[in-house]
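Peer 1: The structure follows.
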Amino acid sequence: MMSAAITTRPPTAPVPHAPAAGGTRRRSRVRTRLELAFLLTPALLLFVGFVLVPIGVAAYYSLYSWNGFGPLTDFVGLDNYVDAFSGDVFQGAIGHNLIIATLSIVVQLPLSIGLALLLNRKLRGRSVLRMVVFAPYVLSEAVTAVIWLLMLQPGGFVDEILRGVGLGGVVKLWLADPSVVLYTLFVVITWKYIGFGVILLLAGLQGVPPELREAAALDGAGAWQTTRHVVLPLLGPTIRIWVFLSVIGSLQLFDLVWIMTLGGPADASSTMATYLFDHGFKRYEFGFGSAVAVILFVICFVFALFYQRFALRRDTAGALTGVR
Amino acid sequence: MRSRKPLALFAAAAMVLAGCSSGGASDASTEGPVTLTWWHNRTTEPMKSKWQQIADDFHKTHPNTSFTIEPLQNEQFQTKVPLALQGNTPPDLFQQWGGGALADQLKSGKIADITQASSGWIGPLAKNADGWKVGGKQYGAPYLMHAVGFWYRKDVFAGAGITTPPTTLDELNAAVAKLKTAGVTPIAIGGKDRWPDAFYWAYFAVRQCSVDTLKKAVEKTELTDPCFLKAGENLKSFLDTKPFQDGFVGTPAQQGAGSSAGLVANGKAAMELQGDWNPDVMQALTEDKEIGSKIGWFPFPSVPGGQGDPSVMVGGGDGFSCTTRAATACAEFLGHLVGDDVQKILAETNSGLPVTPAGVAALKSEPHKVIAANMTKASHVQLYFDTAFPTKVGQALNDAIANFFAGQGGPDTIVKSVSEAAAGNK
């Protein structure tokens, strides 16, 4: 506030009581800085120690061929990066990540919005339904993966249910058919994460003032028009944040895939993260694994930056930018 | 003031971090009391308490040696051991599967050479100890061996009219055909986990290649001998008979009734090529308390036309390596583990094959006695290739084999995966 007042003052205007005011200002500025230092230092130390330094160390390791034992001696420059990008399996993995991210937006988003609108209406058993939709999100990924791994075995629970309702014809080798497995995993991911989107959007819907709907209704807007032109635009910030979280989540997909398929069969469901674990840790290629980790980080980081810059700019204005 | 605060915090953080790791930092060379940090992979009963008991008993007779025991899941060793060996406080004694992974770990300079320290007790282990040798030096020792062979349901075999377990590949193929006619899945395999696929390739390789060729291949990390290619072709012909369950590339080996072990345990499949540990896995996946008496074991059949000795077994073992800090006390403890008393205790758990003749003699379970007898008469025990080769090569080989099972690549791709991984290609 104070500095805003200062900058709006014409620079040529005389300063009344300059010395006294300057003294107060300087003292309070020192105090602000001390406060900032005091409040930020612990978090900053943790962030530097556990985020920035490891990223730097990974970048350093990525320039070596190193199996994790002994000193780093075999400097290979950018070879690890070249190897990663020129490998079919890693290219495939990036493709799988992009497919999951795209499907998330195209399928999960409309589904979440629909469910959220439905669950926002007054209907009997609403809180129970909300809980049911949200419950899978509470399960850990490992538990989810094991449950679905067992249910999706040939002749297992899923197949039996489908046959029971007369859909025996759509039964596939869900986890064993390379052309199906990625989409099977997407269904499980959707099952697990749809609740998160719904809860987020429900919270967003609470922020839509009822007066606006009433006004729209008075102006003769139907239910669809109200939803389309009043509710959805106001849900914009929530939707944009959901898309952000969803894409980042899709890019970093690991646990579920690793437990259900190990990225197989024949790498048909590998993701960047499973590739990283498979070729970095399992093969004791820590230099190469670090290179893949750096690639994964850069992709996420660049996406995050661009998304912040272009999609989230208005939503986060004042929170992340223009502190004073 | 302002500049000191971060420093003070840093110092505090450093002290906290140091505090975390000060436990094993004391330098106990050879004499005096020592506490061994022990990482083993037996996270479940009965072995978990057996190890505790064995450690407690050892402490009673060797008051200078105490233990801090940390049981870890198998998978955790892959990540924790390299990190620990890179750090300053590795465990003093940890699970070691030997072979190429051990050779990799030697580069840390922290694995103790126990050739001298073990000379008094390593004799009875004979060839069992070879997997824990690198360049003629002993860097650890096994406490239990493992071997792979066919576990089968006697009742299902009988139901399909198979009277004796197959001893040749032709007989195996005939059995597969009979079981199919009887409407049973002939063989279950946990293809999702990849390593069960590798058992098949390994057995076709040891049946096709002479023992000398096998030893040379591991020594030089290469599969250039044409017999390895031929092994892949034989495997291909075998896969073409479609002996496995539907969707086997997505089947887990050990999780749930739908896993390969579960399919056999519940009578839905007749056989599984698996390690000696399989009865325990099966028992956990079925309500049939009699499963133990319903299953039998036979070795991988002979394959016509190969140079391989049909007595050769594929297997491995569970062992421990010592790190340098307390190597003397650690090696003494390893000697205790392969001593008759402990080996007899281990024999009764059926969790592997004892490493010494005295231990083998104490085995109670019929199938395990058969397996142990086959191990004893084997002219060579081929360490699993993924373990025998350096880790990056072994894993690349496993991946190539798993891809082959999933219909990608051929016998040549498998052979090439080894040379390419050894050359550093990703």
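The values are calculated or read from the model by the stated rules, or taken from the named source; none is laboratory data. Note that the coordinates shown come from a computational prediction; the quantities given were computed from them, not determined experimentally. Every residue, glycine among them, receives a Cβ derived from its backbone with ideal geometry; neighbour counts consider all protein chains shown. Accessible surface is based on the protein model in full, side chains and every heavy atom, while ligands, DNA and RNA are left aside. Shrake-Rupley method; radii C 1.70, N 1.55, O 1.52, S 1.80 Å.
Peer 1: Report the accessible area of A:Met131, computed with a 1.4 Å probe over the heavy atoms of all protein chains in place, in Å² rounded to the nearest 10.
Peer 2: 130 Å²
Peer 1: Where does the charge balance sit around A:Gln308 when Lys and Arg score +1, Asp and Glu -1, over other residues with C-beta under 14 Å from its C-beta? Walk me through the numbers before you get to the answer.
Peer 2: Values: positive: A:Arg240, A:Arg309, A:Arg313, A:Arg314; negative: A:Asp315.
Value of the local net charge: +3.
Peer 1: Take the cross-link list B:Lys289/B:Lys377; B:Lys48/B:Lys107; B:Lys154/B:Lys289 and give me the ones stretching past 21 Å between alpha-carbons. List each step's numbers first, then the result.
Peer 2: Working: B:Lys289/B:Lys377 32 Å; B:Lys48/B:Lys107 30 Å; B:Lys154/B:Lys289 15 Å.
Over 21 Å apart, Cα to Cα: B:Lys289/B:Lys377; B:Lys48/B:Lys107.
Peer 1: Reachable aspartates and glutamates from B:Lys80, Cα under 16 Å, same-chain residues fewer than 8 places away excluded?
Peer 2: Partners within reach: A:Asp278, A:Glu285, B:Glu70, B:Asp92, B:Asp104.
Peer 1: Also, I was wondering about something else. Between the chain alone and the structure with every protein chain in place, find the residues of region B:165-191 that drop at least 10 Å² of accessible area; heavy atoms, 1.4 Å probe.
Peer 2: At a threshold of 10 Å² (probe 1.4 Å), none of the residues of region B:165-191 becomes less exposed by that much.
Peer 1: Hey, in the GNM for chain B with a 10 angstrom Cα cutoff, which one of B:Gln105, B:Gln382, B:Gln78 fluctuates hardest?
Peer 2: B:Gln78
Peer 1: Pop out the carbon and sulfur fraction of the accessible area of region A:262-321 as a percent, whole number, probe 1.4 Å. Each step should come with its number before you reach the end.
Peer 2: Details: 1710 of 2460 Å².
That fraction is 69 percent.
Peer 1: With every protein chain kept in the model, how would you rank A:Arg29, B:Arg194 by accessible area, 1.4 Å probe, largest at the top? Kindly include the intermediate steps, with their values, before the conclusion.
Peer 2: Details: A:Arg29 125, B:Arg194 25 Å².
Correct descending sequence by accessible area is A:Arg29, B:Arg194.
Peer 1: Ignoring everything but the protein chains, give the 1.4 Å probe accessible area of B:Ser66 in square angstrom, nearest 10.
Peer 2: So the heavy atoms of B:Ser66 present about 40 Å² to solvent.
Peer 1: I would also like to ask the following. Return P(r) of chain B (all Cα-Cα pairs; 10 Å bins starting at 0; whole %; ordered from short to long distances).
Peer 2: Taking all Cα pairs of chain B, the binned fractions are 4, 21, 30, 24, 13, 5, 2, 1, 0 percent.
Peer 1: So which trypsin sites (Lys or Arg not before Pro) in region B:265-369 end up in coil per DSSP with only 11 or fewer other C-beta atoms within 10 Å? Write out the running numbers ahead of the final one.
Peer 2: Working: sites: B:Lys268, B:Lys289, B:Lys294, B:Arg325, B:Lys344, B:Lys364, B:Lys369; in loops: B:Lys268, B:Lys289, B:Lys364.
Passing both the DSSP loop test and the Cβ count: B:Lys289, B:Lys364.
Peer 1: Return the distance in nm (one decimal) between the two label points of a simple spin-label model at B:Lys220 and A:Leu232, each offset 7 Å from Cα along Cα→Cβ.
Peer 2: 6.8 nm
Peer 1: Return the average number of partner chain Cβ atoms within 10 angstrom of each residue Cβ along peptide A:170-178. Provide the component values of the computation, followed by the final result.
Peer 2: Working: counts 0, 0, 1, 5, 2, 6, 10, 4, 5.
Across A:170-178, the average partner-chain Cβ count within 10 Å equals 4.
Peer 1: Would you kindly compute the Cα radius of gyration of the protein assembly as shown and its largest Cα-Cα separation (Dmax), both in Å?
Peer 2: 31.1, 110
Peer 1: Hey, got the average number of other protein chain Cβ atoms within 10 angstrom for residues in A:257-264? Present the calculation step by step, with values, prior to reporting the outcome.
Peer 2: Numbers: counts 0, 0, 3, 3, 4, 6, 2, 11.
Mean shielding by partner chains, rounded to a whole number: 4.
Peer 1: I'd like the interface area for chains A and B: accessible area of each alone minus the complex, both sides summed, 1.4 Å probe, protein heavy atoms only. What is it in Å² to the nearest 100?
Peer 2: Working: alone 19660 and 19190 Å², together 35460 Å².
Roughly 3400 Å².
Peer 1: Say each of B:Lys369 and A:Phe303 gets a label point 7 Å from the Cα, pointing the same way as Cα to Cβ; how far apart are those two points in nm?
Peer 2: 6.1 nm
Peer 1: Please compute the length gained on full extension between B:Gln76 and B:Trp195, using 0.36 nm multiplied by the number of residues separating them and subtracting their Cα-Cα distance. Provide the component values of the computation, followed by the final result.
Peer 2: Values: separation 119, 0.36 × 119 = 42.84 nm, distance 1.68 nm.
Value of the extension gain: 41.2 nm.
Peer 1: Which of the lysines could a cross-linker span from A:Lys192 if the Cα-Cα distance has to be under 24 Å and same-chain partners fewer than 8 positions apart are dropped?
Peer 2: Cross-link targets: A:Lys172, B:Lys192.
Peer 1: Now for a different question. Going from most exposed to least, what order do B:Ser108, A:Ser62 have by accessible area with a 1.4 Å probe? Kindly include the intermediate steps, with their values, before the conclusion.
Peer 2: Values: B:Ser108 20, A:Ser62 0 Å².
Solvent-accessible surface, decreasing: B:Ser108, A:Ser62.
Peer 1: Considering only B:Pro304, B:Pro142, B:Pro354, give the residue with the highest GNM mean-square fluctuation for chain B, with springs between Cα atoms whenever their separation is below 10 Å.
Peer 2: B:Pro304
Peer 1: Moving to a separate point now. Sequence gap at least 6, Cα distance under 8 Å: using those rules, report the relative contact order of region B:169-257 to the nearest whole percent. Please report the intermediate quantities before stating the final value.
Peer 2: Values: 78 pairs, mean separation 40.7, N = 89.
Value for region B:169-257: 46 percent.
Peer 1: Between B:Lys137 and B:Gln307, what FRET efficiency comes out of the Förster formula 1/(1 + (r/R0)^6) with R0 = 35 Å and r the beta carbon distance, rounded to 0.05? Provide the component values of the computation, followed by the final result.
Peer 2: Values: r = 31 Å, r/R0 = 0.87.
About 0.70, to the nearest 0.05.
Peer 1: From the Cα trace of region B:53-169, what convex hull volume per residue do you get, rounded to a whole Å³? It would help to have the intermediate numbers written out before the result.
Peer 2: Values: hull volume 24.4 nm³, N = 117.
Normalising the Cα hull of region B:53-169 by residue number yields 208 Å³.
Peer 1: Also, quick follow-up: Quick one: ranking B:Ser237, A:Ser270 by accessible area, 1.4 Å probe, largest first, what do you get?
Peer 2: B:Ser237, A:Ser270
Peer 1: Additional query: What whole number of Å gives the distance from the Cα centroid of region B:226-276 to the Cα centroid of region B:187-223?
Peer 2: 15 Å
Peer 1: Report the label-to-label distance for A:Arg121 and A:Ala37 in nanometres (one decimal), using points 7 Å from each Cα along the Cα→Cβ vector.
Peer 2: Between A:Arg121 and A:Ala37, the simple spin-label model gives 6.0 nm.
Peer 1: Tell me which aspartates and glutamates have Cα within less than 14 Å of B:Lys236's Cα, excluding those fewer than 8 residues away on the same chain?
Peer 2: The qualifying aspartates and glutamates are B:Asp197, B:Asp412.
Peer 1: What FRET efficiency comes out for A:Phe310 versus A:Leu109 if R0 is 25 angstrom and r is the Cβ-Cβ distance? Round to the nearest 0.05.
Peer 2: Values: r = 18 Å, r/R0 = 0.72.
Taking R0 as 25 Å, the efficiency between A:Phe310 and A:Leu109 is 0.90.
Peer 1: Scanning chain B for GluC sites (Glu not before Pro) in DSSP loops with at most 10 other Cβ atoms within 10 Å, what's the longest stretch left with none?
Peer 2: On the way: sites that count: B:Glu31, B:Glu287, B:Glu290.
The longest uninterrupted stretch comes out as B:32-286.
Peer 1: Would you look at the GNM of chain B, springs on alpha carbons closer than 10 Å, and say which of B:Asp386, B:Asp56, B:Asp92 moves the most?
Peer 2: Top of the fluctuation ranking is B:Asp56.
Peer 1: Would you calculate a helix-derived [θ] at 222 nm for chain A, using -39,500 (n - 2.57) for each DSSP H run of n ≥ 4 and dividing by the full residue count, to the nearest 500? Write out the running numbers ahead of the final one.
Peer 2: On the way: 17 runs with 210 residues, N = 324.
Here the helix-only value at 222 nm equals -20500 deg cm²/dmol.
Peer 1: Sticking with this structure for a sec: For peptide A:286-295, how many partner chain Cβ atoms fall within 10 Å of a residue's Cβ, on average? Show your work: numbers first, answer last.
Peer 2: On the way: counts 3, 0, 3, 0, 0, 1, 1, 0, 0, 0.
The shielding value for this peptide is 1.
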